[in-house]
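Report on the following structure.
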Amino acid sequence: MNRLLIAYTLIVIVIILFFSMTILENTNRALRVDAANSQAQAIQRAANYFEQKEATIKVLIQQLYLNPAQSQDMLEYLSKKIDTFDEEDFSQSSPIRYYLDSAAFQDEDIMDALIYKKNGQNLLVRSNYMSLDNDDYLNRNIVLYNAMDDHFYGLTLTPTYLQSYSSLPKKPIFTLSGNIRGGTGTTTFDRSIAILSVNFNTERIAGLFEQLIDRKFPMTLLVLNQEGKVVIDTSNRYYEGVYPYFEQVKESRQDARLDEVSMVQTVHSEKLGYYVTAVLPHAEIYDKSRSTRNLIVLIALLSIVFAIVLGVISIRFLARRIKYINKAIQKVQVGDFTYRIPIDNTKDEISNIAVNFNQMCDWIVNYIEKGYLSELKQNEARLYALQSQIDPHFLYNTLEIIRMEALASGNEQVSHMIEILSQLFRNSIKGDRYVQIKDELRFCENYLELYNIRYADHLFVKYQIETDILEFGVMKHLLQPILENCIVHGLKPHVANNQITVKGYRQADDIIIEIADNGKGMDGAELEKIKRALAASDIPDRQTIGIMNVHQRIRLAFGPAYGLSIGSVSDQGTVVALRMPAKSKEELLADAESYHRGR
């Protein structure tokens, strides 16, 4: 019962844990899917927002070339070096000022719009809300401006840095810049004459990015330039440097070990080469399932405790009922057949066992009362009869003494008959159930020799036995009843040519032994009667007891495919054929033992 309880408990625990883990896994998988979708939405919105800034700069540069007359003045002003600012220069610079004023108010995220004149290294600036420190700004960006030569096309993106403004704290900004191209003619734009730069308010854009983040999944949004330097960082941790996990986050979608294991999604801009990245730690994802996980664990523990308690109660109830059955069996073992198992209203297998056990005890008591006492009396009578019988060995020794006396008196025929009878008797009292065919034939030879002495020269026996079947096994005394029938029912005492033929041969996996005589035979009606009796395993009269006994012994031992068949013609003789499996004596004994064990 304890082993059963342990097995039951383990099975219940495994099943509950399996379902709990499955539910938790499905919950976590659903959370990961939601988190990935939330990441994808946030990062796409951030990328779109950044693309708008890029498009704004491109439009501003294009606006310089929309009005050819005005564009020519502006480009001429930006191309030439101005040593002394005269009235004509003032006239040409006015459109530039208007242009910068318009550019500065294109977007609320713009801090400054400025143009750097390469010829003279002048900086034309329009700042919103505050005044840019031009010298500091130029010192920070002069290397970039020099790199944007005649062969540079497109835009550049500088990472965020702290820029100085007059009488105000430094402000974090990043810059998008593009070449303003001019040339020798009005339609030739083959060289860089100036650079348009637009400074964006990093704090404002980072704040807008934070609004794109789903509060359910607090992730970090980053914008990194193509060298991995930080442009936007909603966590405000990695500005003015290279993002330390740049190589890990460049892939589009993956799980990566950063400060901690995180879900990472990245969008890459092919034009400017920047990366918009969303980083969501796994701990933030699974923290959302903590309450669900705790609830599932609690339910699982309560289910396990309930199952164990229920199992203990059920096992104890079952053990108590089995204890009654065990007690009843112990009573029967010591001979007390009066004990009965209490029967309750439960209808199950144990109740059926108890009912059947009580019925069995009732039957045993009834059998003892009706049959045991009479059986004792019969056994006493048998014992008395056995005690009064002659010891078989004493009878065998007495026959040997009589044979020796007959031999001493010179009566060799009587001595020989007694010797044969002694051998037959010795063979009969042996306990072997199966013998070899050669031993059975030797017994038959001795048996027929007695009849041959009795009938003098009126009986002849002929053997046609294949030598390769002599070592096979056969049931003991199987042929003797058939031979006896040949002599008793077929022999013609006054005829000199009475003959019995014993033929043995192998047919496939079977042994066939045919015993034929040339005696009286049987008419058709009598033969048909015996065949029906053989088919029905019935005994019609005492004359056929011998052949029926042989037939039934063979079929019981080897099955319905084997047995005895008979053919006869009136006044011509009878043929009896026995079919048995071709097996050795040892195989037949082994089959018999396995059959009894199976029973």
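The values are calculated or read from the model by the stated rules, or taken from the named source; none is laboratory data. Everything numeric here is computed off the predicted structure, so don't read it as measured data. As a convention, Cβ positions derive from the backbone with ideal geometry for all residues, glycine included, and neighbour counts pool all protein chains shown.
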Sole exception among (1) in a helix (DSSP H, G or I); (2) at pLDDT below 85; (3) within 17 Å of residue 55 (Cα to Cα) for residue 90, by number: (3)
Conditions (1) surrounded by fewer than 16 Cβ atoms within 10 Å (Cβ to Cβ); (2) in contact (Cβ under 8 Å) with a residue 60 or more places away in the chain; (3) among the hydrophobic types (A, V, I, L, M, F, W, C); number of the one not met by residue 33: (2)
Filter pass, residue 294 being under 25 Å from residue 261 (Cβ atoms), loosely packed, with under 14 Cβ neighbours inside 10 Å and not assigned by TED's automatic domain parsing to the domain that holds residue 227: yes
Filtered residue count, the range 211-227, keeping only those that are more than 49 Å from the chain's Cα centre (by Cα) and either surrounded by fewer than 20 Cβ atoms within 10 Å (Cβ to Cβ) or over 19 Å from residue 252 (Cβ atoms) (or both): 3
Residue satisfying condition, being in the same structural domain as residue 43 (by TED's automatic domain parsing), part of a helix (DSSP H, G or I) and not polar (S, T, N, Q), within set 278, 256, 283: 283
Single residue of 536, 577, 582 found to be exposed (fewer than 13 other Cβ atoms within 10 Å of the Cβ) and in the same structural domain as residue 471 (by TED's automatic domain parsing): 536
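Return yes or no: is residue 71 free of Cβ contacts under 8 Å to residues at least 24 places away in the same chain and either surrounded by 15 or more Cβ atoms within 10 Å (Cβ to Cβ) or over 22 Å from residue 271 (Cβ atoms) (or both)?
Working: free of Cβ contacts under 8 Å to residues at least 24 places away in the same chain: yes; either surrounded by 15 or more Cβ atoms within 10 Å (Cβ to Cβ) or over 22 Å from residue 271 (Cβ atoms) (or both): yes.
Yes; evaluated as a whole, the condition is true for this residue.
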Out of 348, 336, sole residue that is within 36 Å of the chain's Cα centre (by Cα), over 22 Å from residue 13 (Cα atoms) and either free of Cβ contacts under 8 Å to residues at least 40 places away in the same chain or not assigned by TED's automatic domain parsing to the domain that holds residue 217 (or both): 348
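Counting only residues that are surrounded by fewer than 17 Cβ atoms within 10 Å (Cβ to Cβ) and part of a strand (DSSP E or B), which one in the range 563-574 is nearest to the chain's Cα centre (by Cα)?
Residues of the range 563-574 that are surrounded by fewer than 17 Cβ atoms within 10 Å (Cβ to Cβ), as a first pass: 565, 567, 569-572.
Now restrict to residues that are part of a strand (DSSP E or B): 565, 567, 569.
Working: 565: 57, 567: 63, 569: 70 Å.
By that ranking, first place goes to 565.
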Given (1) without any contact (Cβ under 8 Å) to a residue 60 or more places away in the chain; (2) in contact with a Lys or Arg (Cβ under 9 Å, 6 or more places away or on another chain), number of the condition residue 453 does not satisfy: (2)
Qualifying positions in the range 550-581 - farther than 15 Å from residue 483 by Cα, among the aliphatic types (A, V, I, L, M) and in contact (Cβ under 8 Å) with a residue 60 or more places away in the chain: 554, 557, 580
Top-ranked residue in the range 148-179 [being farther than 29 Å from residue 237 by Cα and touching an Asp or Glu at 6+ places or on another chain (Cβ under 9 Å); ranked as surrounded by the fewest Cβ atoms within 10 Å (Cβ to Cβ)]: 150
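Do we find that residue 37 is modelled with pLDDT of 80 or more, more than 29 Å from the chain's Cα centre (by Cα) and closer than 24 Å to residue 292 by Cα in this structure?
On the way: modelled with pLDDT of 80 or more: yes; more than 29 Å from the chain's Cα centre (by Cα): yes; closer than 24 Å to residue 292 by Cα: yes.
Yes.
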Flag for residue 194 being crowded, with 19+ Cβ neighbours inside 10 Å, closer than 14 Å to residue 49 by Cβ, of a type in the set (Gly, Ala, Ser) and touching a residue at least 24 places away in the same chain (Cβ under 8 Å): no
